[in-house]
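Colleague: I have a structure I would like to understand better, so I am pasting it below and will then ask my questions one at a time.
The values are calculated or read from the model by the stated rules, or taken from the named source; none is laboratory data. Given the structure is predicted, the values throughout are model-derived calculations rather than measurements. Cβ sites come from the backbone with ideal geometry, for glycine too, and all protein chains shown count toward neighbours. Calculation scope for accessible area: heavy atoms of the full protein, side chains included, ligands and nucleic acids excluded. Shrake-Rupley method; radii C 1.70, N 1.55, O 1.52, S 1.80 Å.
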Amino acid sequence: MRVKIIQGLLVVMLIAGYRNLSAQSKDLDYYIGSGIQKSPLLNDLRNQSRSTAIDSMRINAGYKPQVMGVSNNLYAPSIGEWGYDNAITNGGTFSQLITVNKRLVGKENLQNQYEAVRLAKESLAISGKVTEQDIRKAITSQYIVAYGIYLQYSFNKEVLELLGSEEVILKKLTERNIYRQTDYLSFLVTMQQQQLQLNQLRVQFENEFASLNYLSGLQDTVFAAIPAPNISLAPPPEIEQTVFYQQFRLDSLKLKNSDAQIDFSYKPKLSLYADAGHSSTFAVDPYKNFGTSFGVNLSVPIYDGRQKKMQHDKIAIAQQTRQQYQEFYKTQFDQQILQLLQQLRSAQELIDQTSTQIRYTQALIEANRKLLETGDVRMPDYIIAIGNYLAARNSSAQNMIYKLQLINQINYWNRKT
């Protein structure tokens, strides 16, 4: 019996430990990981990247011998003196052939086509990193918002518990006529307001927590504590090393690749062909009309109205446009980072100021608590001190959340490749 009880306790402890472990694992990294894993857009980009390997194989297969079966059958009857000229139609032609075509292409042309596929795959990889960064930023921002509400809920709950313990003392002192009945009622009104504020914060946290799970692709509405977001300011890299800048580099390479492909398209084209089978008019000995043929096709561009130059001019204009976007992005990037860093310094100064204010208001409340027990504190002064303490704590929480949001924005732009 004792063994069964011990086994039961062990099972309960293991389940409780597992639940605690699961709850502890639901930090910011947990939600970000879930959002990235379940993102349909990221999965789409991964599948597109996989399909580029098929594009390379198709290019290779397109230059291998192409074998086809061809059946051409024509009958042109003549009725009296009416009908097609027999010298043209031979009265009919019937052919059943196997044809083989082989396009010949230069090594540089083929490599340029492979390079286009490689650039497309790299572009998809960059898009995936940008999308992942967008997901990371959105989930982190929502997590910070939810954590800020929970932070306010936590210290408002502490204040309510403090007021609850003081209410017991105040009630006894009021019964002993040390405090007036109106003082006691004013204190109760303050407690009720604090309870209402706590309920509102709980509802607000539940809504923000639900939004966090929505962004992360999760289903969870249980009210539970969330740990502080473990984020720190990443050192800013050179702009050329950021993931957002890489798209400009890829666009430049794509335009150069397209420009080279224009030249390749105007080079002479050579292909080999061969066929074998049966082709006959059935006029004389059709059973002898089995045979084969082979040859070479050569096409040389001579004049097309200077379309080649027009296409090169379009590429040059596109390069100029890309360069302008790139220069403008550099200016915006530097300005934005400087602005965010300035806001971050201001937020830290506000946090330091509110920390000093919290210490003063907390010391005032402690002093009033001691005076309350002896009946030497004025109730309006005590209520004002509590209000000032709550205002300082709320201001501190808001400034901290503001700081974390700024760090999140800076880290978003600082993502390296």
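Colleague: Would you mind counting up the charge near VAL117? Only other residues with Cβ under 14 Å from its Cβ, with Lys and Arg at +1 and Asp and Glu at -1.
Modeller: So the surrounding residues net to +2.
Colleague: Please report how far the C-alpha centroid of the range 123-144 lies from that of the range 384-417, rounded to the nearest whole angstrom.
Modeller: Here the two parts' Cα centres lie 22 Å apart.
Colleague: Next question, about the same structure. Between ASN297, ASN368, ASN86, find the one with the highest GNM mean-square fluctuation for the chain; connect C-alpha pairs within less than 10 Å.
Modeller: Evaluated over the chain, the most mobile residue of the options is ASN86.
Colleague: Using Cα springs under 10 Å in a Gaussian network model of the chain, which residue among ILE139, ILE88, ILE36 shows the largest mean-square fluctuation?
Modeller: ILE88
Colleague: Here is a further query. Over the range 112-231, give the accessible area per residue in Å² for a 1.4 Å probe, as an integer. Walk me through the intermediate numbers first.
Modeller: Working: 6140 Å² over 120 residues.
Value for the range 112-231: 51 Å² per residue.
Colleague: A further question follows. On a C-alpha basis, how far is the centre of the range 177-253 from the centre of the range 41-119 in Å? Whole number, if you could?
Modeller: So the two Cα centres are separated by 61 Å.
Colleague: Residue-wise, which Karplus ³J(HN,Hα) couplings in Hz belong to the range 207-212, taking 6.51 cos²θ - 1.76 cosθ + 1.60, θ = phi - 60°, and x for glycine or proline?
Modeller: Once θ is set to phi - 60°, the couplings for the range 207-212 become 5, 5, 5, 5, 5, 4 Hz.
Colleague: Mean 1/r over all different Cα pairs, inverted: what Kirkwood radius does the range 202-276 give, in Å?
Modeller: 19.2 Å
Colleague: What pairs in LYS137/LYS256; LYS107/LYS254; LYS121/LYS267 have C-alpha atoms more than 22 Å from each other?
Modeller: From the list (LYS137/LYS256; LYS107/LYS254; LYS121/LYS267), the Cα-Cα distance tops 22 Å for LYS137/LYS256; LYS121/LYS267.
Colleague: Hey, any idea what % of the chain's accessible area is carbon plus sulfur with a 1.4 Å probe?
Modeller: Details: 14990 of 26340 Å².
That share works out to 57 percent.
Colleague: Pairs of alpha-carbon atoms within less than 8 angstrom and 6+ residues apart define the contacts here; what relative contact order does the range 187-312 have, in percent? Don't jump to the answer; show the numbers that get you there.
Modeller: Details: 64 pairs, mean separation 22.6, N = 126.
For the range 187-312, the relative contact order is 18 percent.
Colleague: Would you kindly derive the ³J(HN,Hα) couplings of the range 324-341 from the backbone phi angles with the Karplus curve 6.51 cos²θ - 1.76 cosθ + 1.60 (θ = phi - 60°), listing them in order in whole Hz, with x for Gly and Pro?
Modeller: Karplus values, whole Hz, x for Gly and Pro: 5, 4, 5, 5, 5, 5, 4, 4, 5, 4, 4, 5, 5, 5, 4, 5, 5, 5.
Colleague: Another question, then. Over the range 68-129, what is the mean sequence separation of C-alpha contacts under 8 Å (at least six apart), divided by residue count, expressed as relative contact order in percent?
Modeller: Values: 41 pairs, mean separation 20.5, N = 62.
Value for the range 68-129: 33 percent.
Colleague: On to the next question. How large is ³J(HN,Hα) for each residue in the range 227-243, as worked out from phi by the Karplus curve 6.51 cos²θ - 1.76 cosθ + 1.60 (θ = phi - 60°), to whole Hz, x for Gly and Pro?
Modeller: x, 4, x, 8, 10, 9, 6, 7, x, x, x, 5, 4, 5, 8, 6, 5
Colleague: Of ARG176, ARG46, ARG322, which has the largest mean-square fluctuation in a 10 Å C-alpha GNM of the chain?
Modeller: ARG176
Colleague: Once semi-axes √(5λ) of the Cα gyration tensor in Å is worked out from the coordinates, which option in (i) 37, 24, 20; (ii) 41, 24, 21; (iii) 81, 29, 19 does it equal?
Modeller: (iii)
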